[in-house]
Amino acid sequence: MKHALLILAVISAGGSAALAEPPTTSLPSELPGAPGVLEWKELPPLPDPEGFAGAFVGVSHGALIVAGGANFPYGRPWEADEKKSTKVWYDRVFVLTDPEAEWRTGFKLPRPVGYGVSVTTDDGLICLGGGDADRHYADVFRLAWKDGRIEISRLPPMPDRAAFFCGARIGNTIYVAGGKDWPKPYQPYGSPASHLPATMKTFWSLDLSRQDDQRKWEQLEPWPGPARMQSVAAVQEDKFYLIGGVALDNDQPGDDKRIFLGDCYAFDPPSRRWSRIASLPRFAAAAPTPAMPLGQASFALIGGDEGVNTFQNLRSVHPGFLPEILVYHTITDTWTSRGAYPKDPAAGVWPPVTTNTAIWRGRYVVATGEARPGIRTPKVFWARPVRHPRGFGWVDSAVVTVYLGALVAMGAYFSRREKSTHDFFLGGHRVPWWAAGLSIFGTQLSAITFMAIPGKAYHTDWVYFLGNMMIVAVAPVIVFLYLPFFRRLNVTTAYEYLERRFNGATRLLGSAAFVLFQLGRMGIVLYLPAAALSAVTGIDVYLCILLMGALATLYTVLGGIEAVIWTDVLQVIVLLGGALLALVIITFSVEGGVARIIQEGSAHDKLRTAHVTWDVATAALWVVLLGKPFEMLVSYTADQTVVQRYLTTADEKAAARSIWTNAVLTVPASIVFFSLGTALWAFYRTHPAMLDPVGKIDEIFPWFIAQQLPMGVTGLVIAGLFAAAMSSLDSSMNSMATAITTDFYRRVNPYAADFRCLALARWLTVILGMLGTTLGLYMAWLDSTSMWDQYSKIIGLFGGGLAGLFAAGIFTRRVTARGALVGFAGSAVLLYGVKSYTSVHFFLYPTIGLGGCFLIAYVASLVIPSKTRDLRGLTWFTPGD
């Protein structure tokens, strides 16, 4: 038998379907209690009493389109009357422009056709292949809804005809897989033998980004499993997934030649490699396709044919196809059961198969389809993802209230010391070295980082860990080569050095670049943690932003840099303590503990620490070693929020200790956070029903905190997350107020009274706090970070160049003021070109920016004449007294 190796079980008598490759995984016992992930609502039904199977479904210019398909308009396929058992194909097109409107009709396809693939693009609904009673097609055409009518345009036909196949779009590329080559036996021209319909093992792609005359299909290497049809496609994390399906064994006795498949595969376009993933926990042939993407790492598969719905039992009362929704998680490689499709036999609502899905107005549409074998449905449903956070109890709320109140109290306490700008900006040099070190660490450990590092290790591996360790190599450079200039020149901002070394324009340029970056950053450091906290706790996102913005502004205005530093100290203690506690709880929650986590992690490459490759587009070992040290140089030499910390200590020796404290603390903290990510992966791999399929990857640790930590402890760690976000905001506010007052106001008004400068700094803090909070609220209203993304792409061009100015000033005598300005501008242009026209990994951006500024400034200084300056005490080659 042709597929003998695939047939592992046969259902009783001849004529029933065979089952190939039974699932190797079973649903965990806690699944019955797992909450659903989709909330359903009914749309207007199609204006057809029967409905259609195999219809094209998609969206064009805001309108939902359902086209083509087939049904049995005169009866049912099991009836003896030949007319009543005749299947009819259609060319009708239905258009819905609003959920409350009626379907618009009167439009037609080029021919009656069904059981093809639907792909929605910006230009319209692309319909691929399909067939009718006599033949299958390779045609590809686009339906576009424009000015109240359907426009049809042709695209290159597929390499071969196909129907009952699946497909999806990744970016600008369409991928299609498998299918059935012909609807019925036929005799090829010139061949004495009859050809029986067969399943296909084909995988094709079409790049839509090419010009029309250059578009052509590419035949790719197919998956390493059997040929199949009626599979489900899915796209998540820019990978194409092929789920289950049916094979045909024409040597099998009886009328039903189907072999149900449970094997699943993932295709990675960059590497063009297939990988085997977890098999289905049950068969799900012909389920609505493509599967619905959830969050950043899951997709939902609705119902499907589990392999028992054969035509032999059609005359009996059929229970219909399965309503169960299966969710696959790409990171943990697990399947779970999460709710069900609406099923109400009395109202004629059944879970459909052989239909396509689409995303319309942010919801998932399942339109028409085959409700039971041989019976169609005109019903149309759409769904939106839902989350089920545990909620925030009164104990947790009380803990958060006390914690945030303590932060304000600290601001009030330190307000008694803030008598001058020296106190407000530099803490009167009263800050202990260890507190300054913890504050530097806390400033670098924002709430975003607190969520992102465990999220990264959970999602991938430990490759970024080595990058964090580069602080150990960079710390001596800061302590011995940069710190002496900042401390011995007795500056308040880092950018004062630039004026003494070059000129006032360079100082103002550097300070302005810092202020502009921090202005945009304030909104994002409030919005992202607030969105994550809101998602996992149920607290209103606007309330989160308002609380964090208002309280951070209050205690920063009151206590200045001392309040900022000491609240950072408290935040670091709480966050590290919470992380350690969470790691212990996770370890005890995984059967086998640490040994099991290490064993599973090693087996799945979760503990890999380096990519040994020369690929400049990846986080290769050499990219990390070359890029991360320069990224840290940017922060520790050109970022006022960091530099200001080691200007608050009593002397240079204490400042050096603060830098060493931060460097030493980074090592164990990084181990804890990366271990957390791996432990979270092991925990949710063994407890997949506890995952939040709708959540973002970076929310995995906050989700665990909110769902699994004991009440009260949850509140304390969540309060720490609030404080971490507030720490980033208060650092930005105080440092910007320092830069604006010192680098701009005092430079223009050198004899301004100190009490006026202090008042200005406090008012600036209030204004900046309000501005940052408003930006955060605006991002929450947009529910998008696209504004920040575009802003950071522009301002981010100057970070490496700013650090390059300091390097060129300290380590050369040749670089002049004019050369420095040319180097700064040149590095921005260079970095823009690298970002726009190359695939260089972003780890190398600081290296390119800093190195480019240094080299361009040096060369420009040799070419452009400039006056000589007294450089005593301003470079390593011109020591002062």
Using the per-residue mean of other Cβ atoms lying within 10 Å as a proxy for protection, in what order, highest first, do the peptides 494-500, 474-480 fall?
494-500, 474-480
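What is the magnitude of the charge dipole of the chain about its Cα centre, with +1 placed on the Cβ of each Lys and Arg, -1 on the Cβ of each Asp and Glu, and no other charges, expressed in debye to the nearest 20? Intermediate values should be presented prior to the final figure.
Working: 74 positive and 68 negative charges, 394 e Å.
Roughly 1900 debye for the chain.
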Run the quick spin-label model on A406 and L871: label points 7 Å from Cα toward the beta carbon, then report their separation in nm to one decimal.
5.1 nm
Protein chains only, probe 1.4 Å: how do W360, W622 rank by accessible area, largest first?
W622, W360
Past 30 Å, Cα to Cα: identify those pairs from K180/K239; K41/K201; K146/K239, in the order given.
K41/K201; K146/K239
Qualifying GluC sites (Glu not before Pro) for the range 534-601 [loop in DSSP, other Cβ within 10 Å: at most 13]:
E591
Alpha-carbon gyration tensor eigenvalues x 5, square-rooted, for the range 297-440, Å:
62, 16, 15
Set of aspartates and glutamates with alpha-carbon distance to K835 below 15 Å, sequence-local pairs under 8 removed:
D789
So, in Å, what gap is there between the alpha-carbon centers of the range 607-625 and the range 450-490?
18 Å
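Arranged from highest to lowest average of other beta-carbon atoms within 10 Å per residue, in what order do the peptides 233-239, 446-452 appear? Don't skip to the answer; put the middle values down first.
Details: 233-239: 19.0, 446-452: 22.3.
Most protected by this proxy first, the peptides run 446-452, 233-239.
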Pop the C-beta distance of R416 and A753 into the FRET formula with R0 = 22 Å and round what comes out to the nearest 0.05.
0.55
Distance between the C-alpha centers of the range 734-766 and the range 238-277? Whole Å please.
67 Å
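Report, to the nearest whole %, how much of the accessible area of the chain belongs to carbon and sulfur atoms, 1.4 Å probe, protein only.
On the way: 20270 of 34360 Å².
Percent of accessible area from carbon and sulfur atoms in the chain: 59.
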Mind pulling the angle between the C-alpha long axis of helix 447-459 and the longest principal axis of the chain? Nearest 10 degrees, somewhere in 0 to 90.
40 degrees
At what distance in angstrom do the alpha carbon centres of the range 131-159 and the range 87-118 lie from each other?
12 Å
Let me check the size of the range 254-307 from its C-alpha atoms; what are the radius of gyration and Dmax in Å?
13.5, 44
Plugging the Cβ-Cβ distance of I359 and R430 into 1/(1 + (r/R0)^6) at R0 = 41 Å yields, to the nearest 0.05, a FRET efficiency of 0.10
Going highest first, how would you order 322-331, 338-347 by mean Cβ packing within 10 Å?
322-331, 338-347
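Please give the per residue accessible area of the chain, computed with a probe of 1.4 Å over protein heavy atoms only, in Å². All intermediate terms of the calculation are to be shown ahead of the outcome.
Working: 34360 Å² over 881 residues.
Roughly 39 Å² per residue, with all protein chains present.
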List residues of the range 690-704, by number, whose backbone nitrogen lies under 15 Å from a label position 7 Å along Cα→C-beta of D783.
694-696
What nm value, rounded to one decimal, do you get for the distance between D147 and V472 when each label is placed 7 Å out toward the C-beta?
6.9 nm
Rounded to the nearest 10 Å², the 1.4 Å probe accessible area of W40 is 50 Å²
Label points 7 Å out from Cα along the Cβ direction at Y542 and V612: separation in nm?
5.6 nm
Would you be so kind as to identify which of P668, L729, L625 lies farthest towards the positive end of the dipole of the range 621-745, taking Lys and Arg as +1 and Asp and Glu as -1 on Cβ and the Cα centre as origin?
P668
Kirkwood Rh for the range 444-484 from C-alpha pairs, in Å, is 11.8 Å
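Compute the FRET efficiency between V395 and E42 as 1/(1 + (r/R0)^6), taking r as their Cβ-Cβ distance and R0 = 51 Å, and round to the nearest 0.05. Spell out each step's value before the answer.
On the way: r = 41 Å, r/R0 = 0.80.
E(calc), rounded to 0.05, equals 0.80.
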Rounded to whole Å, √(5λ) for the Cα gyration tensor eigenvalues of the chain, largest first, gives 60, 29, 25
For every helix of n ≥ 4 consecutive DSSP H residues, a contribution of -39,500 (n - 2.57) applies; sum these over the chain, divide by its total residues, and give [θ] at 222 nm rounded to the nearest 500 deg cm²/dmol.
-14000 deg cm²/dmol
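The values are calculated or read from the model by the stated rules, or taken from the named source; none is laboratory data. Treat the numbers as computed from the prediction; the structure is a model and nothing was measured. Cβ sites come from the backbone with ideal geometry, for glycine too, and all protein chains shown count toward neighbours. For the accessible areas, the whole protein counts, side chains as well, though only heavy atoms, and no ligand, DNA or RNA atoms are used. Shrake-Rupley method; radii C 1.70, N 1.55, O 1.52, S 1.80 Å.
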